[in-house]
Amino acid sequence: MQAGFLKRHITAFFAVIFFFCVFTSIYGCSKKPSAQASNKAQILQVVVSGYAPYSIAKEVLKDIADISILIPPGADAHHFEPLPSTIAEIQKADYFFYISDKMEPWALKISNGSGLALAVNLPNLNPKDPHVWIDFANTYKMAENIASVVVVKHPEFEDKLAKNLGVFSGELKMLDRLYSKIFTNCQSRDIYHIGHMAFGYMAKKYNLNFRPLIGATFGAEPSAKNMATMIKEIKNKHLSYIFTEEALNSKIAATIAAESNAKTLNLYTIEQATKDEFEQNISYKQFMMMNLENLTKGLGCGE
Ligand SMILES: [Zn+2]
């Protein structure tokens, strides 16, 4: 009697399990692809001007957007010449982000005001220097600007945006602490840079003396007089290292280094990346860590 009762219950139990499995497999089969399709449709299409906004947008919009970059690897962000296809690409995208009208004067014109200049409401702004992302507090604000715009139209991403922003904020604070700590104790505070005026924000924040060979515009020809003055100063100060930008004419850097008896180290502006760096997907944090590593060596910072 008891065995029969148990058997009936076991049979009923397996019948329920069987029904449940059939139901879930049918439901699962018909439901899964449409769920995947709708997730795919939710990925936003974002276009950015150059590597600086690309490296920031990538952090904030992780798992939220496909991001494409307009300025090709190695090209000059200041003097980019947009093609008709560039305009079409911007029009197709959900969002277009760039740094500022000062950094990319072409961006406002071709986006017809539909793009977002990220360099608004920055905590530290030097109107003469467009390289605002070299300051970690500015970079955080620009990341926040992206999140604020996206969440208005896409509140479904609110949690993801908050999470991504939180992670990025932690990294930026960590970088700032590290920079502050390393730069408290250096044998030299003179950054002689065979490049353009891209690191002014860093120098101001950490009390370094930044001496670029050319002004704020990448690609400007240095004058012979400026080169001669720089060589003289480097020699007088007996500096072992000077700095340069990888995208710049390396012959000028090699000449100055040879004449002043110094070695060169790279600094990365992040406004452009080489093809290799782009393919390796080097992040903002990685570039700023490489800068810190080279500055530590070049200025003799540390214990
Ligand atoms: Zn620049």
Out of curiosity, is Ile231 aliphatic (A, V, I, L, M), away from the ligand (no atom under 16 Å from the Cβ) and not assigned by TED's automatic domain parsing to the domain that holds Ser169? yes
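Let's see how each residue does on (1) assigned to a helix (DSSP H, G or I); (2) not aliphatic (A, V, I, L, M):
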residue: Met230; (1), (2): yes, no
residue: Ile242; (1), (2): no, no
residue: Ala253; (1), (2): yes, no
residue: Ala258; (1), (2): yes, no
residue: Glu271; (1), (2): no, yes
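Would you kindly identify the helices (runs of 4 or more DSSP H) lying entirely within segment 62-175 that contain at least 2 residues that are within 16 Å of the ligand (Cβ to nearest atom) and surrounded by fewer than 21 Cβ atoms within 10 Å (Cβ to Cβ)? Quick ask: steps written out before the conclusion?
Numbers: elements: 84-92, 105-111, 136-153.
Where helices (runs of 4 or more DSSP H) fall fully within segment 62-175 and carry at least 2 residues being within 16 Å of the ligand (Cβ to nearest atom) and surrounded by fewer than 21 Cβ atoms within 10 Å (Cβ to Cβ), they are 105-111.
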On the basis of being at pLDDT 95 or above, assigned to a helix (DSSP H, G or I) and more than 16 Å from the ligand (Cβ to nearest atom), does Ile282 make the cut? no
Mind checking which residues of segment 236-254 are in contact (Cβ under 8 Å) with a residue 12 or more places away in the chain and more than 22 Å from Gly74 (Cβ to Cβ)? Lys237, Leu239, Ser240, Tyr241, Ile242
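Yes/no per residue for (1) farther than 24 Å from Asp129 by Cβ; (2) at pLDDT 50 or above; (3) more than 40 Å from the chain's Cα centre (by Cα):
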residue	(1), (2), (3)
Gln2	yes, no, yes
His9	yes, no, yes
Gly50	no, yes, no
Leu70	no, yes, no
Gly74	no, yes, no
Ile90	yes, yes, no
Ile99	no, yes, no
Ser114	yes, yes, no
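So, in segment 178-212, how many residues would count as being part of a helix (DSSP H, G or I), away from the ligand (no atom under 16 Å from the Cβ) and of a type outside the set (Gly, Ala, Ser)? I'd like the intermediate steps shown before the answer.
First, pick out the residues of segment 178-212 that are part of a helix (DSSP H, G or I): 178-182, 200-205.
Pick out the ones that are also away from the ligand (no atom under 16 Å from the Cβ) and you get 178-182, 204-205.
Then keep just the ones that are of a type outside the set (Gly, Ala, Ser); that gives 178-179, 181-182, 204-205.
Counting residues in segment 178-212 that are part of a helix (DSSP H, G or I), away from the ligand (no atom under 16 Å from the Cβ) and of a type outside the set (Gly, Ala, Ser) gives 6.
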What about Gly215, is it within 16 Å of the ligand (Cβ to nearest atom), small (Gly, Ala, Ser) and either out of contact with any strand residue (DSSP E or B) (no Cβ under 6 Å at 6 or more places or on another chain) or part of a helix (DSSP H, G or I) (or both)? yes
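Among the candidates Lys181, Lys225, Lys163, Lys173, which residue alone is under 19 Å from the mean Cα position of the chain (by Cα) and free of Cβ contacts under 8 Å to residues at least 24 places away in the same chain? Show your work before the answer.
Values: Lys181 fails: under 19 Å from the mean Cα position of the chain (by Cα); Lys225 fails: under 19 Å from the mean Cα position of the chain (by Cα); Lys173 fails: free of Cβ contacts under 8 Å to residues at least 24 places away in the same chain.
Every option except Lys163 fails the conditions.
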Restricted to segment 234-248 and to residues being of a type in the set (A, V, I, L, M) and away from the ligand (no atom under 16 Å from the Cβ), the residue farthest from Phe80 (Cα to Cα) is Leu239
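Do you know which residues across segment 70-98 are without any contact (Cβ under 8 Å) to a residue 60 or more places away in the chain, among the hydrophobic types (A, V, I, L, M, F, W, C) and closer than 16 Å to Ala273 by Cα? Break it down into steps so the answer makes sense when it comes.
At the first step, the residues of segment 70-98 found to be without any contact (Cβ under 8 Å) to a residue 60 or more places away in the chain are 70, 72, 80-98.
Narrowing the set further to residues that are among the hydrophobic types (A, V, I, L, M, F, W, C) leaves 70, 80, 83, 87-88, 90, 93, 96-97.
Within segment 70-98, Leu70, Phe80 meet the criteria.
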For Ala273, work out the one condition from (1) surrounded by fewer than 20 Cβ atoms within 10 Å (Cβ to Cβ); (2) under 23 Å from Val132 (Cα atoms); (3) of a type in the set (Gly, Ala, Ser) it doesn't fulfil. (1)
Would a scan of segment 249-264 turn up a residue that is small (Gly, Ala, Ser), away from the ligand (no atom under 16 Å from the Cβ), at pLDDT 90 or above and surrounded by fewer than 14 Cβ atoms within 10 Å (Cβ to Cβ)? yes
Taking segment 259-303, which residues are closer than 28 Å to Lys237 by Cα and of a type in the set (Val, Ile, Thr)? Thr264, Thr269, Thr296
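The values are calculated or read from the model by the stated rules, or taken from the named source; none is laboratory data. Nothing here was measured: the structure is a model prediction, and the numbers come from that model. Ideal geometry is used to build each Cβ from the backbone, glycine not excepted, and the neighbour counts take in all protein chains shown.
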